[in-house]
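To start, the structure itself, in structure tokens.
The values are calculated or read from the model by the stated rules, or taken from the named source; none is laboratory data. These figures come from a predicted structure and were not determined experimentally. No Cβ is skipped: glycine too gets one built from the backbone with ideal geometry, and neighbour counts run over all protein chains shown. Just so you know, the surface numbers come from the protein's heavy atoms only, side chains and all, with ligands and any DNA or RNA stripped out. Shrake-Rupley method; radii C 1.70, N 1.55, O 1.52, S 1.80 Å.
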Amino acid sequence: PNLSESDGGLVIGNTEYVSQYIKDDEIDINDPEFLEAQRREMDQIQKSKLESAPHMDEFSEIAPTTPTTEDEDNEKLAQAIAAQELPPGVSAVEQQEIMMRLLTQQLRKGDWSSEDELSPALGQRLRDFEFAQRKRREKYGNERPWGILGLYDHLAGIRLDVEWAEDAAFRRANKEPYLSWKDFQTTRDNGWNRPFFTYFLLAACTAVLVVSFWLNGWEVEPLSVNPMIGPSAETLLKMGAKQTSLIVNQGEWYRLFSPMVLHAGLIHYLLNMMALWFIGKAVEQCHGFAAAAILFIIPAVGGTILSALFLPEYISVGASGGIFGLIGACVA
């Protein structure tokens, strides 16, 4: 006969093997052979259900006919990521996006302790991330991000905390010494992780400004001539300011690069250096020397080219093009 016991999970749909486990009209459910046969039967039932269901990716949207909750979806994603058993075709970028989606969902819930929803490995990562966020709030407070720079700094902090959680998981798996959150953040601010490109730009712009004042006889032009409190236009041209006629007719292509470290005066210099210090430092510490250099130099040269094309009658100087490139990276 077909037997079922919903509370105990006993389901027998195939009667071919039942009779051999019946003793005195009773089924010995503790018989290992019977349990193994029952497991095989359950696997066959599950396999037949999967074959009859519509084909879908493991991470695709659940079909309307399949009553799967969001928590069950998250559990499958978490287990697949933690076990590194992603299906073929899932790239590392897609895996990172899935990881960040899970983190976002957990942030909204505010509960990281449910072992029923997450695998132990991923659950430990999420608890490490929550610990890092708590340490960050203790050190820097709970102020909300303000403006583009504030938002970028906030997101960079989240990225750093995720990296610390991953580093802690790696050390735990390889039985390496634990590195505290404070020490991990300190290592990011020391050694080769310091913003050397930003330091170089600050030093170069300062040195060029001093030289421009020296060439101008340590004098500043009247505010009616140069409201930025700086040297004359002739001095700026000697220093390499952009002028379209000199670039096109005289072949002075270096003027496409030199304006990025030149400034019209003290006000221009101070405003740009403040922006460069805060934005350039944040971008470089998050993405590295090479990325910061590319994000600054290419927009700076591009700005000079556009200025030469559309404003050929004016001379121009300044690091504003490169700074806007860094701001664009923050927005992106």
Scope region 299-321; condition in a loop (DSSP other than H, G, I, E, B) and either among the aromatic types (F, W, Y) or open to solvent by less than 40 Å² (accessible area, probe 1.4 Å) (or both); matching residues: Y314, V317, G318, A319
Quick test of your reading of the structure: Q285 fulfils all but one of (1) polar (S, T, N, Q); (2) modelled with pLDDT under 90; (3) open to solvent by 60 Å² or more (accessible area, probe 1.4 Å). Name the failing condition by number. (3)
Would you mind stating whether F296 is aromatic (F, W, Y) and open to solvent by less than 40 Å² (accessible area, probe 1.4 Å)? yes
Can you confirm whether region 131-146 contains a residue that is surrounded by 12 or more Cβ atoms within 10 Å (Cβ to Cβ), at pLDDT below 80 and of a type outside the set (F, W, Y)? yes
Can we say L179 is open to solvent by less than 90 Å² (accessible area, probe 1.4 Å), among the aliphatic types (A, V, I, L, M) and closer than 22 Å to I294 by Cβ? no
Subset tally (residues that are in a helix (DSSP H, G or I) and open to solvent by 70 Å² or more (accessible area, probe 1.4 Å)) for region 241-266: 4
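Checking the structure you have, find out if any residue of region 155-166 is over 30 Å from L276 (Cβ atoms) and over 21 Å from the mean Cα position of the chain (by Cα). Step through it out loud before you land on a result.
In the first step, residues of region 155-166 are kept if they are over 30 Å from L276 (Cβ atoms); the result is 165-166.
Okay, now just the ones that are also over 21 Å from the mean Cα position of the chain (by Cα), so none.
Scanning region 155-166 turns up no residue that is over 30 Å from L276 (Cβ atoms) and over 21 Å from the mean Cα position of the chain (by Cα).
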For residues that are assigned to a helix (DSSP H, G or I) and hydrophobic (A, V, I, L, M, F, W, C), scanning just region 221-240, find the one that is surrounded by the fewest Cβ atoms within 10 Å (Cβ to Cβ). L237
Identify, please: which residue in region 208-220 is touching a residue at least 40 places away in the same chain (Cβ under 8 Å) and part of a helix (DSSP H, G or I) and is, among those, surrounded by the fewest Cβ atoms within 10 Å (Cβ to Cβ)? V208
Just to be sure, is A290 open to solvent by less than 40 Å² (accessible area, probe 1.4 Å), among the small types (G, A, S) and either part of a helix (DSSP H, G or I) or modelled with pLDDT of 90 or more (or both)? no
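Hey, could you check region 182-206 for residues that are open to solvent by 30 Å² or more (accessible area, probe 1.4 Å) and over 30 Å from H263 (Cα atoms) and say which is nearest to the chain's Cα centre (by Cα)? First the steps, then the outcome.
Initial filter on region 182-206 (open to solvent by 30 Å² or more (accessible area, probe 1.4 Å)): 182-183, 186-194, 196, 199-200, 202-203, 206.
After this cut, where a residue has to be over 30 Å from H263 (Cα atoms) as well, the list is 182-183, 186-188, 190-191.
On the way: K182: 20, D183: 21, T186: 19, T187: 19, R188: 15, N190: 21, G191: 22 Å.
Restricting to residues being open to solvent by 30 Å² or more (accessible area, probe 1.4 Å) and over 30 Å from H263 (Cα atoms), the top hit is R188.
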